[in-house]
Amino acid sequence: MASLKDLLAQRAALEQQIAETQERERSDAIAKVKTLMSEYGLSVADLTARSAKVAGKASKVAAKYRNQATGETWSGRGLQPKWLKAAIAGGAKLDDFVI
């Protein structure tokens, strides 16, 4: 059975190996990215501009239905709002609220 001192030494050696492996893999990844950027003529600005465009695509959807009494709107996506459910339950049609 290994002593505490031996186990601590093994842990220290493993932690060192982990750190070295992380650094090596990180360096390899950076080299791959640089190669791809060079191959496709990309700059860092290209990467950040593209990611900003993707992030900005989550825009608000235009309203398709409006409650004439209160001015509340619904885009037609997701669950129907309570005001619309109540109106439909009261005999109104969805087409009555189309903008």
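Residues that are among the basic types (Lys, Arg) and assigned to a loop (DSSP other than H, G, I, E, B) within the stretch 67-99 comprise 77, 93, listed in sequence order. Picking from residues in the stretch 1-34 that are of a type in the set (Gly, Ala, Ser) and under 30 Å from residue 46 (Cβ atoms), the one that is nearest to the chain's Cα centre (by Cα) is 29.
Every number in this text was worked out from the coordinates using simple rules, so none of it is lab data. Since we're looking at a predicted model, the values are computed, not measured. Here Cβ is always computed from backbone atoms with ideal geometry, including for glycine, and neighbour counts include all displayed protein chains.
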